[in-house]
Amino acid sequence: MAYTSKYYAPGAPNSKIARFTTGKHRDDYDYKVQLVSLGKVQIRHNALEAARVAASKKVTLVGEENFWLVVLTYPHIILRENKMIATAGADRLQEGMRKAFGKPIGLAARVYIDTVVIELSIKAEHLDKAKAAMKAASGKLPMLTKIVVVPLEKKMEAEAAA
């Protein structure tokens, strides 16, 4: 059973994700590039941060004003570990499975099939850089992913048609 409340698991660490959004939010982006999960896994918070940094490093080459990167999954599952001593004579020092609740060691996000993990809005001329950034981010995650490119509607064209 997953623990999500820090009230019941005192000592749970904070998330290592520095920021969930990067870049500049604007309404005139042409495409939304999504990193979609193809597996049912738990992603640790340091893996999510590594994926965000990898994607941000690749896409920052187009300029801070020309993209909007959002990490959509939030790590709220508290992971526990029952630490065991693995040296000679350790059998007298540990309890084994007698009180094996475990201490909080990290956080994770549960991700299901077709869940969007990271989203990147970008202009049409920088679409190849956005795909390369998502490819770099997918290498940091513990599951197979696919990159989905969604064209965005322009607000001015939508208002003119109405």
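All of the numbers you see were taken from the coordinates with simple rules; none came from a lab. Quick caveat: nothing in here was measured; it's all calculated off a predicted structure. Here the Cβ positions follow ideal geometry from the backbone for every residue, glycine too, while neighbour counts run over all protein chains shown.
On full extension, the segment bounded by ARG98 and THR60 gains 8.6 nm, given 0.36 nm per residue less the C-alpha separation. The helix-based estimate of mean residue ellipticity at 222 nm for the chain, built from -39,500 (n - 2.57) per DSSP H run of four or more residues and divided by its residue count, is -6500 deg cm²/dmol to the nearest 500.
Could you work out the relative contact order of region 1-131, using alpha carbon pairs under 8 angstrom and six or more residues apart, expressed as a whole percent? Mind showing how you got there, number by number?
Numbers: 231 pairs, mean separation 56.7, N = 131.
Result for region 1-131 is 43 percent.
The local environment of ASP128, defined by Cβ-Cβ distances under 11 Å, has a net charge of +3 under the rule Lys, Arg +1 and Asp, Glu -1. Between ASP28 and ILE113, the C-beta separation translates, for a Förster distance of 35 Å, into a calculated FRET efficiency of about 0.60.
The trypsin sites (Lys or Arg not before Pro) of region 1-67 that meet both conditions, a loop assignment by DSSP and at most 16 other Cβ atoms within 10 Å of the site Cβ, are LYS6, LYS16, ARG19, LYS24, ARG26, LYS40. Here the alpha carbons of the chain define both size measures, Rg and Dmax, at 20.4, 79 Å. If the segment from TYR3 to LYS83 were pulled out straight at 0.36 nm per residue, it would be longer than the present Cα-Cα gap by 27.0 nm.
Over all pairs of different C-alpha atoms, region 37-90 has a mean inverse distance whose reciprocal, the Kirkwood radius, equals 14.7 Å.
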